[in-house]
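The structure under discussion appears below in the form of structure tokens.
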Amino acid sequence: MKEIIQQTTWSLNQETSDKVGSLGMAKFTETVFIYGEKEGETISYSVSQQSAWAQEFLANLFIGNIYSLYGHYDNRLEYSKYDLIIDLSEFSESHPFIERAKNHHTIPVEDSGRNFSQILAHIHAEKLFEKITKARKDNKKVLINCQMGMSRSATVAILYMMETYGVSLVQAYHHLQKTRPIVEPNPGYFSALYYHQMTLIVEAAPWAAAETWLNEFFMNQDEVNITGEGEQVILTLKRDMNDFGSVFIDFVSFLEMLHIPFNLLNCDSRRGDIQISLEDSQQITYLLKNKTLHKLDDTNCNQLAMAMEDALNSLDSTIDNNEQKRRELTNLLGQFRQYYAKKQWNDAFDCVIQFINYASTPVSANKNFYKTEFGQTSPAIAFNQSLERADLTHLATLIKDRIQANDVISAATC
């Protein structure tokens, strides 16, 4: 099951859009639930709301809204019935037809984003996750619901996957979203889940996810509002509240995969600010502007290794410390090969940057060929010609841009 969750595609934009319609979750219909008779009259409850159907995101485990719960208590067989219910809708207690059976556990909390500790304490005190796991193994159906089936129930579903299978918060979230596209834990719950994740042993999300996030979610730099003074800045995402939770989750995961330290501030049901350093904000601004991360794979890494060899072989008297430089560059080339053999693309790319910076420093100055003297040293010429022969000019440009970005950041923080 862990592998199934981890294999979930990161970007679900089009798939999500299609599934919302196919699952009927965007349609509002008149529904009449019937619970029995009293003094010859039918006891019913009529609503005009989203579908009562819950979605199965793990074997025998469903997530739904309050109407999934109403359907369970409807005395007709057309609605799904459940053997165990975890109910986080604070309004369900006001309906007399909802029985308080031993298989119906209620956690009546508001969708405030500030009561995660209350939810967590109830789950552990009642051993609800153990009960869910046992019921599923016994082939019994379990429902987790809240009012809309979007935030509180999603928080518990994600928490269950994290604690039971050791998957990361973001992987659990996207697996859940694949089944029920409208799930949106609010920033307060996400912040609490993020810090709770630090107490667990979970596997990190794949690096490729950060690249997908950057390309899919940030089509325009104006969607990030950067404020602050001195060495700290506050990032505020400007998005529709309907998908704010999703963007917030992905953005924080993106920062984490870039190894950028941050603090989550003022996180509740309506907002979530992210505090990072000025230097890191400049790096993010550059990445957003260029809409790209490190475009490495097995094929172009082989070509990069050959280009680095060509640069190494071109060292001549115009380069300072020739023999020492050759030894250190040879070590960097070896490190690069180790990184890409392990598919550690981020480290491999950084190794290329270090190699080129060092290999191309002219005698006359500390400037390298990717800045004011671009292409004017022997290693630079050899490196670029090798990439051009391999039709990888775009990669040479990306490397140049990365070095220039690092130079800007260094100058700004001096």
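Data table
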read-out	value
Criterion violated by Phe349 - all others in (1) within 30 Å of Phe251 (Cα to Cα); (2) at pLDDT below 80; (3) buried (at least 20 other Cβ atoms within 10 Å of the Cβ) satisfied	(2)
Region 88-110, subset out of contact with any His (no Cβ under 8 Å at 6 or more places or on another chain), modelled with pLDDT of 70 or more and of a type in the set (A, V, I, L, M), residue nearest to Val142 (Cα to Cα)	Leu88
Residue count, region 129-146 (criterion: surrounded by fewer than 21 Cβ atoms within 10 Å (Cβ to Cβ) and either under 21 Å from Ser68 (Cα atoms) or of a type in the set (Asp, Glu) (or both))	10
Qualifying position, being of a type in the set (A, V, I, L, M) and modelled with pLDDT of 65 or more, among Leu278, Leu237, Leu214	Leu278
Selection within region 130-165 - closer than 23 Å to Glu90 by Cα and outside any helix (DSSP H, G or I)	Lys141, Val142, Leu143, Ile144, Asn145, Cys146, Gln147, Met148, Gly149, Met150, Ser151
Residue in region 175-194 that is surrounded by the fewest Cβ atoms within 10 Å (Cβ to Cβ), counting only those that are out of contact with any Leu (no Cβ under 7 Å at 6 or more places or on another chain) and at pLDDT 90 or above	Ala192
Which numbered condition Gly245 misses (of (1) in a helix (DSSP H, G or I); (2) modelled with pLDDT of 75 or more)	(2)
Any hit, region 166-174, residues being touching a Cys at 6+ places or on another chain (Cβ under 9 Å), crowded, with 19+ Cβ neighbours inside 10 Å and either of a type in the set (A, V, I, L, M) or assigned to a helix (DSSP H, G or I) (or both)	no
Gly113 of a type outside the set (Asp, Glu), over 19 Å from Glu56 (Cβ atoms) and in contact with a Phe, Trp or Tyr (Cβ under 7 Å, 6 or more places away or on another chain)	yes
Tally of residues being touching a Leu at 6+ places or on another chain (Cβ under 7 Å) and modelled with pLDDT under 80 across region 379-412	4
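The values are calculated or read from the model by the stated rules, or taken from the named source; none is laboratory data. This is a predicted model, so every value here is computed, not measured. Here Cβ is always computed from backbone atoms with ideal geometry, including for glycine, and neighbour counts include all displayed protein chains.
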